[in-house]
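Take a look at the structure set out below.
The values are calculated or read from the model by the stated rules, or taken from the named source; none is laboratory data. Worth saying up front: this structure is predicted, and the values here are computed from it rather than measured. Cβ atoms come from the backbone with ideal geometry, glycine included; neighbour counts cover every protein chain shown.
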Amino acid sequence: MRTLTSLATALVVSFSILSATGCATTGTEDGYAELDGEAALAGKLAFWQSPNKEWRFHLKSGNGAILLTSEGYVTRTGAIGGALSVLENGVDPAMYRVNQTATGYTLHLVAGNGESIGFSEVYATKSSATRAISSCVRAVTSYLDKREASSTGARVEVLRGEASGLYRFNVHAKNGEIVLSSEQYTTEAAAFNGAFAVQAEGQLMSSYEIKQNTAGGWYFVLQARNGEVIGVSEQYTTREAAVSTIGSLIKLLPTITVL
């Protein structure tokens with residue numbers, strides 16, 4: 001699996017997975033058409049919560065067409081874990097399976113244990129579903145390439161400690177400086193979920209608390225709605241500097257794609 005150094009995605013709410021359109025387009029003889037311009041743009045991940053409160057994600061092509069949809073997960077952390085498995089397995093064409101249904105054929109991406117971690121819409125023919133594999137591989141590969149290239153500027157970076165094996169994340173400002181750091185998490189998916197929480201809660205001034213340490217320095221903490229601290233800032237020499245950074249962070253967070 002490639003090293004995941006920066007995060008990318010959007011959090012959207014969908015009212016039905018049946019509204020999803022797959023990597024096929026309509027109006028073709030066999031139900032599949034190559035997506036115009038998809039190779040020029042990186043693939044995307046989108047997380048959403050269905051009406052029954054289950055979390056799901058889409059793998060999208062560069063132009064936004066839905067290629068794969070996940071199963072439902074009880075928590076967002078679970079959905080993130082599934083998405084990470086897509087990124088790990090989706091670069092290999094051998095990990096895709098074409099299954100026949102009562103109405104056509106579906107494409108499934110499977111994990112190493114053989115379980116499906118993402119499925120496509122129903123295609124009219126087997127050849128349509130088979131050709132869709134290349135679009136899915138291209139979306140995952142281009143997504144990973146974009147993330148690996150995004151090692152500077154404003155971003156969220158997830159890191160794994162070599163000694164502890166635990167994960168944490170840092171929020172970087174546009175100049176690359178770390179402005180907020182997380183606690184440690186036992187899994188990569190949990191760290192990503194914490195980053196999503198920071199993005200949501202960090203847009204509210206009421207979520208911040210400014211503190212002073214014993215040496216006279218100033219810092220701030222970011223709290224979730226349950227009062228749990230989900231991020232701690234760097235140290236500042238003045239209270240005004242900490243306040244100014246909070247203002248900048250509130251504006252910055254909506255512009256960062258987490259995963």
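Here Leu166 passes the criteria (1) touching a Leu at 6+ places or on another chain (Cβ under 9 Å); (2) at pLDDT 95 or above except the one numbered (1). State yes or no: is Gly112 surrounded by fewer than 21 Cβ atoms within 10 Å (Cβ to Cβ), in contact with a Ser or Thr (Cβ under 8 Å, 6 or more places away or on another chain) and assigned to a loop (DSSP other than H, G, I, E, B)? No.
Select from the stretch 214-259 the residues that are assigned to a strand (DSSP E or B) and either under 30 Å from Ser85 (Cα atoms) or in the same structural domain as Ser142 (by TED's automatic domain parsing) (or both) and list them in ascending order.
First pass over the stretch 214-259, keeping only residues assigned to a strand (DSSP E or B): 218-223, 229-232, 236.
Across the stretch 214-259, the qualifying residues are Leu222, Gln223, Val229, Ile230, Gly231, Val232.
Return yes or no: is Leu59 modelled with pLDDT of 90 or more, in a strand (DSSP E or B) and over 17 Å from Glu121 (Cβ atoms)? It is false that Leu59 is modelled with pLDDT of 90 or more, in a strand (DSSP E or B) and over 17 Å from Glu121 (Cβ atoms). Using the structure shown, decide if Lys174 is under 15 Å from the mean Cα position of the chain (by Cα) and at pLDDT below 95. Criteria not met by Lys174.
Tally the residues that are in a strand (DSSP E or B) and either farther than 11 Å from Phe119 by Cβ or in contact with a Cys (Cβ under 8 Å, 6 or more places away or on another chain) (or both), restricting the search to the stretch 65-90.
Looking only at that region, the number is 4.
Of all the criteria given as (1) out of contact with any strand residue (DSSP E or B) (no Cβ under 8 Å at 6 or more places or on another chain); (2) surrounded by fewer than 17 Cβ atoms within 10 Å (Cβ to Cβ); (3) not in a loop (DSSP other than H, G, I, E, B), the one not satisfied by Ala163 is (3).
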